[in-house]
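The values are calculated or read from the model by the stated rules, or taken from the named source; none is laboratory data. None of these values were measured; they are calculated from a predicted model. Cβ coordinates were reconstructed from backbone atoms using ideal geometry, including for glycine residues, and neighbour counts include every protein chain displayed.
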Amino acid sequence: MYDWRRMADRERREALAARRAADLPWHRPPHQDWGEGAYLLTAACYEHAPIIGATPQRMAEWERTLLETVAAFCGQVHAWCVLPNHYHTLVETTQVKTLVAGAGQLHGRTSHAWNREDCSRGRKVWHGCEERAMRSEAHFWATMNYVHHNPVRHGYVTRWEDWPFSSASQYLAGMGREEAERIWRSYPLLDYGRGWDAPEM
């Protein structure tokens, strides 16, 4: 399994540099109007197996493919985070049913490809996909914090910007650290994600 925690500092720096150079799609979050039609899209590997994280290359390719798929159905991609066994994307869309269906089709294609690569024919890769509508501005910003904090929550890194497979670095650069810290204090996570996020690794 791909394990960031075991990488040397040099390997981490190289991975971060490569991800930042990839120019992945990201849109600055709104300040005044958080937007109706904002959703958190989440999916996990079956039994939380770290199938996405088999290799750094698979992680990077999945991140790119996921964002391309999501962008086809969304006006904006506000935030994302890919971990070895699950992912989250915070998006703006008027086509949420089509978005979920598109994610399901992507899951089917990657299941077939990864099972072939891993010599695991017939293995169940994904455990569904669900969307959660943002109910308020506070819910939106707490979700933004939740997505970017996920690698810290699961023990992969101690700082948001150190995880290469998320929008956290772009978010901090675009918002400014002072504003991002204000948002973190103003919209705390509390029990956000308890009972439905993937368990600690």
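I'd like the full set of residues that are free of Cβ contacts under 8 Å to residues at least 60 places away in the same chain and either more than 22 Å from residue 76 (Cα to Cα) or more than 16 Å from the chain's Cα centre (by Cα) (or both), limited to the stretch 137-174.
Correct list: 138, 139, 152, 153, 158, 159, 173.
Out of (1) part of a helix (DSSP H, G or I); (2) among the acidic types (Asp, Glu); (3) at pLDDT below 95, what's the single condition that is false for residue 181?
Tallying (1) part of a helix (DSSP H, G or I); (2) among the acidic types (Asp, Glu); (3) at pLDDT below 95, residue 181 fails exactly one: (3).
Evaluate the stretch 115-132: report whether one residue or more is closer than 17 Å to residue 50 by Cβ, out of contact with any strand residue (DSSP E or B) (no Cβ under 8 Å at 6 or more places or on another chain) and loosely packed, with under 13 Cβ neighbours inside 10 Å.
yes
Can you tell me which of 94, 110, 65, 69 is without any contact (Cβ under 8 Å) to a residue 60 or more places away in the chain, hydroxyl-bearing (Ser, Thr, Tyr) and loosely packed, with under 13 Cβ neighbours inside 10 Å?
Of 94, 110, 65, 69, the one residue that is without any contact (Cβ under 8 Å) to a residue 60 or more places away in the chain, hydroxyl-bearing (Ser, Thr, Tyr) and loosely packed, with under 13 Cβ neighbours inside 10 Å is 94.
Residue 177 - would you say it is surrounded by fewer than 17 Cβ atoms within 10 Å (Cβ to Cβ) and over 17 Å from the mean Cα position of the chain (by Cα)?
It is true that residue 177 is surrounded by fewer than 17 Cβ atoms within 10 Å (Cβ to Cβ) and over 17 Å from the mean Cα position of the chain (by Cα).
For the stretch 76-110, enumerate the residues that are out of contact with any Gly (no Cβ under 9 Å at 6 or more places or on another chain) and hydroxyl-bearing (Ser, Thr, Tyr).
The answer is 87, 89, 98, 110.
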